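Visitor: Sharing a structure, written as structure tokens. Questions coming.
The values are calculated or read from the model by the stated rules, or taken from the named source; none is laboratory data. Fair warning: this is a prediction, and the values are worked out from it, not measured in the lab. We place every Cβ from the backbone using ideal geometry, glycine too, and count neighbours over all the protein chains shown.
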Amino acid sequence: MKFSAHEWRGHFPLLANHPRLHYLDNAATGQLCAAAFDAVTHHELTQRANVLRGTYKLAEAADAAYEQARRQAAAYLNAASADEVVFTSGTTAAINLVAHAFGDTLQAGDEVVLSLAEHHSNLVPWQMLRGRRGVALRFIRLADDGRLDLARLDEIVTPRCRLVAVTHASNVTGAVSDLVPIVAAARAAGARVLVDGAQMVQHGPVDVAALDADFYAFSGHKAFAPNGVGVLWGRAEALAALPPFLGGGGMIGRVTAEETTYAAPPRRFEAGTPPIAQAVALGAALDWLRAQPWEAMRAHTTHLAQRLLDGLAVLPGLTFLGPREMTERLPIVAFNLAGIHPHDACQVLDAHHVAVRGGHHCAQPLMDRFGVEGAVRASLAPYNTEADVDALLEGLKDAQRKLK
Amino acid sequence: MKFSAHEWRGHFPLLANHPRLHYLDNAATGQLCAAAFDAVTHHELTQRANVLRGTYKLAEAADAAYEQARRQAAAYLNAASADEVVFTSGTTAAINLVAHAFGDTLQAGDEVVLSLAEHHSNLVPWQMLRGRRGVALRFIRLADDGRLDLARLDEIVTPRCRLVAVTHASNVTGAVSDLVPIVAAARAAGARVLVDGAQMVQHGPVDVAALDADFYAFSGHKAFAPNGVGVLWGRAEALAALPPFLGGGGMIGRVTAEETTYAAPPRRFEAGTPPIAQAVALGAALDWLRAQPWEAMRAHTTHLAQRLLDGLAVLPGLTFLGPREMTERLPIVAFNLAGIHPHDACQVLDAHHVAVRGGHHCAQPLMDRFGVEGAVRASLAPYNTEADVDALLEGLKDAQRKLK
Amino acid sequence: MNEDLYQQAILDLAKSADGAGRLAAPDGTAQGDSPLCGDRVRMDVKLDGGRIAALAHEVKGCLLCRAAAAAIGRHAAGLDAAQAAELRAEVAALLSGADAAPAWPELKCFEPVRPHRNRHGCVLLPFDTLRDAIEKAAGR
Amino acid sequence: MNEDLYQQAILDLAKSADGAGRLAAPDGTAQGDSPLCGDRVRMDVKLDGGRIAALAHEVKGCLLCRAAAAAIGRHAAGLDAAQAAELRAEVAALLSGADAAPAWPELKCFEPVRPHRNRHGCVLLPFDTLRDAIEKAAGR
Ligand SMILES: Cc1ncc(COP(=O)(O)O)c(C=O)c1O
Ligand SMILES: Cc1ncc(COP(=O)(O)O)c(C=O)c1O
């Protein structure tokens, strides 16, 4: 199937509204696709109602749309059933859900394995669990190119390991985790596996069946869908084994003042009114994305990222945080320029209409590993073009002139 | 200031799209006001970016809009400072936040006081806390008209009480809680006070300073704003005393693999990417609502609710769950018709284009108190008219004809 | 379309309340709760050679739920556990639009429930409870 | 407008790095972390009669942060705790658009930061840290 980035851009109204903008902060938030925007609009203006068994037409429509969104998310993930899809407010909420519902079944001395590449959202909840339950955290280290160092995996994933929680891809280095040996090690230890897919899903459909994980988390806003919604996928058997996390309306069986029984998954984990319109829009976005020519799109973003890597490599004083070649990695490129602070670089780039982000990217342990406080990060989406990459490179040269 | 319900309807696009609809399920979800819809659209199509210190123009605009929403929510609540406003995904999430962050500081034997009128979202989190910490729950009982029975408040709020968590108004009976003696009793016991404002804020601005509570929770979707966003207001000193609840990006001071320090409130309680567009729209909705002629609007909804109460009272076999007069209550009317199940009534009403909800309304202890499984509930908003009320009454007569 | 739900046949079926009551010494009893509407069905069964010899139900529920329970009260005698499970699946299929002729003529009156997905549970609750009651009785 | 941020004055101020280093035996040391960008400022102070006698700072931060620290390095001698707190408030006011003439001429070069609210913290971090360091030293 053919792919044209310029045509694809046409599906993103904000980009049309900002024709001069070079938006290269997609790892922070993707722009909203028209399919999602239209779905929100349609929902809010024609079928807005609370879900959970309203018996009037509006509520029936809202319920049907919400449950369809579950099926759409399940299809995107190749999940066995829509009932394996729990809607949350985002990746962070999804991981915290597991850190409580699963985590609170752990005992002192049990181990949770993470990597040093984790986003704070897949680190802090486990540190907090350590505080509550006395579990030990063990870390997969990073090689010099930012990839997970799996050489001594068997020493890290011990028989005391109960959960391995790792990112599918780093939001800083773009490195895609080699999950096969990690899942194998977890299985050998009898541990569950949680994969943080926040950076992965926007680069094409994911196959959780093939990954053989137990939990998979991602956010709508990074996948060209609205804020305020995300997904926790859980294998049916893994979800069924979990107690609820948050309490409230919609997740109960029967409530008395004395005691309460809980609904089956996924409702058990969706306390309160869910983000209905947002979930409906996420479903629409995923459905649209699923039908895109991903092979051609990946070739396009890989080409752009390679152009960026090549262009950066010749700048004086440049260091990369991450792999230099485009194998097993996403089009996310983090780097530093000697003597220039990331925020100053970003500010000069803004004058060039280039939107990139500088800072620690919520990955301070990774920053510590590389001995830096922060980095500039450019992250690409299929709507980006060579002009975006070239504007970034030009802007950096200007920053080097101006700020040195 | 004058008020016209017909003009007001004009601000709610869904109602224009469904001219025959009599929407009387406002306690479940209010319809989206144009101010909120326009704010979402403007945000998503012109300034969508992640918050937290992006240094490019789009991110600056998104940050500014998000922080403005905090000020708008603070203004609506008459809060001392915007830093007292924590954005959550809704009331349920807000109450769970307090049930963990504050609740986990409690000890076995400490007491939490609720009422039997609580929505499951202000009951189940405390039952779960009881499971975690061994606190005792004590309940304010209900008088026959559904109002809180405060006669023996001093026996219920004992010196062991650490928190009183009560609804500002019941989502079933419409009764507004008499908070003055409750807050006084809590203060005398040295306990904190959480008020569930989910049903209150859509009936006009709230004054948390005058209430003298410590925490106040509400949801956007019931206040004519989007799903997926809500507010936990906390007195500055009360928030500052709380540890964080969820862990993730944005709520940290500094993170290493070993330990983490946390940001000041409100950020400490906003782990992960917040519901940015939704908060911005909530701010816009609250700003718009604040400028409305509430006195005239309350007179209007009170008139409608009285018309409804009068019309219902003459139906054979009718019983009310709640006060029969319109003092100290909201325009929320729950009732049963002898021999007719609420869902059957609602289904017949739907054929009359009347949208009301039947069931337990996530308030099973209240249902138990009145010895019923459920009830039909009609809940009014200022856009409702006499025609809506009359259609409901007609529909009920039809249901009595058809289903008996 | 909504009003089709409440045709005379379904009203009559519900009002017949066939099988309503309790058994004195049931081999199995199951209770079904609808989490979302608070409806509750209790079913007592006595088995003979693994098949239902006697059955009684108590329903706090809507007309659809009561009609379904009455249909069970009329026809369930003679069913074994496997057939009860199959029956439940058949009713679910009928609600989802399957065209097969239903096992009992009364089940046809649930066809108008099809478009109202939120009411499917009302019809299914008694069939769920029946299945659970037989399983419990058979498992003793 | 963005480019105005990096005028020669601010670049020169940052590069001067006035006051950079550590003190051998400070009366007080404070560390300031910017939670959102990871920047870090450490400030050592020695007091004499409650007023700053010597000061040194280490900055891992952007040009704005380094420039602010250098301004402090140039001018902070003689400040007491109250004055340091007031200075911090004055800089915050300047960033918010207040028109008053700043205490030190160098502070004028932060005016272009005004529209960039997300960078205000970069300028304020050294002033926060200064205030904390004096308080600690005075509290000993
Ligand atoms: C009194 C009350 N409290 C809490 C809630 C829960 O609100 P949400 O579902 O938006 O979290 C509701 C809404 O149904 C309510 O009416
Ligand atoms: C790898 C990774 N995990 C988790 C998150 C947290 O996602 P959210 O902020 O949407 O909850 C992010 C987003 O920044 C991320 O990049």
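Visitor: Residues that are more than 20 Å from the chain's Cα centre (by Cα), at least 2 per element: which helices (runs of 4 or more DSSP H) completely within segment A:25-116 meet that? Working first, answer last.
Guide: On the way: elements: A:34-46, A:57-77, A:91-101.
Filter on segment A:25-116 gives A:34-46, A:57-77.
Visitor: Right, another one. Here is a list: B:Thr327, B:Thr319. Which entry is among the β-branched types (Val, Ile, Thr), more than 19 Å from B:Ala223 (Cβ to Cβ) and modelled with pLDDT of 95 or more?
Guide: None of the other options fit; the residue is B:Thr319.
Visitor: Given the criteria at pLDDT 95 or above and within 16 Å of ligand 1 (Cβ to nearest atom), does A:Gly228 qualify?
Guide: Here the answer is yes, as A:Gly228 does meet what is asked.
Visitor: Which residue is farthest from the other protein chains (Cβ to nearest Cβ), if the candidates are limited to segment A:215-244 and must be within 30 Å of B:Asp368 (Cβ to Cβ) and out of contact with any Asp or Glu (no Cβ under 9 Å at 6 or more places or on another chain)? It would help to see each step written out before you state the result.
Guide: The first filter runs over segment A:215-244 and keeps only residues within 30 Å of B:Asp368 (Cβ to Cβ), leaving A:239-240, A:242-244.
Adding the requirement that they be out of contact with any Asp or Glu (no Cβ under 9 Å at 6 or more places or on another chain) leaves A:240, A:242, A:244.
Numbers: A:Ala240: 16, A:Leu242: 13, A:Pro244: 8 Å.
Across segment A:215-244, the extreme among qualifying residues is A:Ala240.
Visitor: Residue check: is B:Glu84 within 16 Å of ligand 1 (Cβ to nearest atom) and either among the acidic types (Asp, Glu) or not assigned by TED's automatic domain parsing to the domain that holds B:Phe269 (or both)?
Guide: It is false that B:Glu84 is within 16 Å of ligand 1 (Cβ to nearest atom) and either among the acidic types (Asp, Glu) or not assigned by TED's automatic domain parsing to the domain that holds B:Phe269 (or both).
Visitor: Separate question: From the set of residues in segment B:259-274 that are away from ligand 2 (no atom under 16 Å from the Cβ) and within 11 Å of chain A (Cβ to nearest Cβ), which is nearest to A:Arg138 (Cα to Cα)?
Guide: Here the residue is B:Glu259.
Visitor: Taking segment C:39-75 on its own, how many of its residues are β-branched (Val, Ile, Thr) and farther than 22 Å from C:Asn118 by Cα?
Guide: Number of matching residues: 2.
Visitor: Take B:Thr256 and decide whether it is more than 18 Å from the chain's Cα centre (by Cα), more than 16 Å from ligand 2 (Cβ to nearest atom) and not aliphatic (A, V, I, L, M).
Guide: Yes: the conditions hold for B:Thr256.
Visitor: I would also like to ask the following. Can we say B:Ala277 is within 14 Å of chain A (Cβ to nearest Cβ) and not in a strand (DSSP E or B)?
Guide: yes
Visitor: Do we find a residue being touching a helix residue (DSSP H, G or I) at 6+ places or on another chain (Cβ under 6 Å) and either facing another protein chain (nearest Cβ under 9 Å) or closer than 30 Å to A:Gly374 by Cβ (or both) anywhere in segment B:1-11?
Guide: no
Visitor: Kindly indicate whether any position in segment B:381-398 is buried (at least 19 other Cβ atoms within 10 Å of the Cβ), among the hydroxyl-bearing types (Ser, Thr, Tyr) and either at positive phi or within 16 Å of ligand 1 (Cβ to nearest atom) (or both).
Guide: no
Visitor: Looking at the structure I just gave you, is A:Leu194 away from ligand 1 (no atom under 16 Å from the Cβ), more than 13 Å from chain B (Cβ to nearest Cβ) and surrounded by 24 or more Cβ atoms within 10 Å (Cβ to Cβ)?
Guide: yes
Visitor: Something else about it: Here are C:Ala70, C:Ala9, C:Ala103: which of them is modelled with pLDDT of 95 or more and either among the β-branched types (Val, Ile, Thr) or over 22 Å from A:Arg254 (Cα atoms) (or both)? Let's see the steps before the verdict.
Guide: Numbers: C:Ala9 fails: modelled with pLDDT of 95 or more; C:Ala103 fails: modelled with pLDDT of 95 or more.
Matching residue, one of C:Ala70, C:Ala9, C:Ala103: C:Ala70.
Visitor: Please indicate, with yes or no, whether at least one residue in segment A:235-248 is of a type in the set (Lys, Arg), away from ligand 2 (no atom under 16 Å from the Cβ), in a helix (DSSP H, G or I) and touching a Phe, Trp or Tyr at 6+ places or on another chain (Cβ under 8 Å).
Guide: no
Visitor: Follow-up. Look through A:Ala65, A:Ala99, A:Ala59 and report the one residue that is crowded, with 21+ Cβ neighbours inside 10 Å, within 16 Å of ligand 1 (Cβ to nearest atom) and within 13 Å of another protein chain (Cβ to nearest Cβ).
Guide: Being crowded, with 21+ Cβ neighbours inside 10 Å, within 16 Å of ligand 1 (Cβ to nearest atom) and within 13 Å of another protein chain (Cβ to nearest Cβ) holds for just one of A:Ala65, A:Ala99, A:Ala59, which is A:Ala59.
Visitor: For segment D:93-118, what are the residues that are within 14 Å of chain B (Cβ to nearest Cβ) and either closer than 13 Å to D:Ala67 by Cα or polar (S, T, N, Q) (or both)?
Guide: D:Ser96, D:Val113, D:Asn118
Visitor: So, in segment B:358-375, of the ones that are under 19 Å from B:Thr29 (Cα atoms) and within 19 Å of the chain's Cα centre (by Cα), which residue ends up farthest from ligand 1 (Cβ to nearest atom)?
Guide: Result: B:Gly358.
Visitor: Cβ contacts < 9 Å: first residue assigned by TED's automatic domain parsing to the domain that holds A:Ala94, restricted to segment A:233-251; second residue aromatic (Phe, Trp, Tyr) and within 16 Å of ligand 1 (Cβ to nearest atom), any location; separation 6+ or different chain. Result?
Guide: From segment A:233-251, the pairs are A:Gly234/A:Phe269; A:Leu239/A:Phe269; A:Leu242/A:Phe269; A:Pro244/A:Phe269; A:Phe245/A:Phe269; A:Leu246/A:Phe269; A:Gly247/B:Trp126; A:Met251/A:Phe269.
Visitor: Looking at (1) in a helix (DSSP H, G or I); (2) within 15 Å of the chain's Cα centre (by Cα); (3) more than 16 Å from ligand 2 (Cβ to nearest atom), which one does A:Pro205 not meet, given that it meets all the others?
Guide: Going through (1) in a helix (DSSP H, G or I); (2) within 15 Å of the chain's Cα centre (by Cα); (3) more than 16 Å from ligand 2 (Cβ to nearest atom) one by one, A:Pro205 breaks only (1).
Visitor: Output the number of the condition that B:Ala82 fails; it satisfies all remaining conditions of (1) more than 8 Å from chain A (Cβ to nearest Cβ); (2) surrounded by 24 or more Cβ atoms within 10 Å (Cβ to Cβ); (3) within 22 Å of B:Asp212 (Cα to Cα).
Guide: Condition not satisfied by B:Ala82: (2).
Visitor: Kindly indicate whether A:Thr260 is more than 16 Å from ligand 1 (Cβ to nearest atom) and of a type in the set (Ser, Thr, Tyr).
Guide: no
Visitor: For segment C:119-137, enumerate the residues that are farther than 16 Å from A:Gly253 by Cα and either within 12 Å of chain A (Cβ to nearest Cβ) or not in a helix (DSSP H, G or I) (or both).
Guide: Result: C:Arg119, C:His120.
Visitor: One residue is enough: does segment A:101-110 have a residue meeting the conditions within 20 Å of B:Val255 (Cα to Cα) and modelled with pLDDT of 95 or more?
Guide: Scanning segment A:101-110 turns up no residue that is within 20 Å of B:Val255 (Cα to Cα) and modelled with pLDDT of 95 or more.
Visitor: Can you tell me which residues in segment B:45-83 are under 18 Å from B:Gly228 (Cα atoms) and within 16 Å of ligand 2 (Cβ to nearest atom)?
Guide: Listed by number, the residues that qualify are B:Arg48, B:Ala49, B:Asn50, B:Val51, B:Ala62, B:Tyr66.
Visitor: Condition (residue is under 22 Å from D:Val113 (Cα atoms), acidic (Asp, Glu) and at the interface with chain B (Cβ under 9 Å from one of its Cβ atoms)) applied to segment A:348-365: is it met by at least one residue? Write out each step before concluding.
Guide: Our first condition is that a residue be under 22 Å from D:Val113 (Cα atoms); within segment A:348-365, this holds for A:348-360.
Now restrict to residues that are acidic (Asp, Glu): A:350.
Subsequent filtering for residues that are at the interface with chain B (Cβ under 9 Å from one of its Cβ atoms) retains A:350.
Yes - at least one qualifying residue is present in segment A:348-365.
Visitor: Give the residue that is nearest to B:Ser170 (Cα to Cα), with candidates limited to residues of segment B:290-331 that are free of Cβ contacts under 8 Å to residues at least 24 places away in the same chain and among the charged types (D, E, K, R).
Guide: Restricting to residues being free of Cβ contacts under 8 Å to residues at least 24 places away in the same chain and among the charged types (D, E, K, R), the top hit is B:Glu325.
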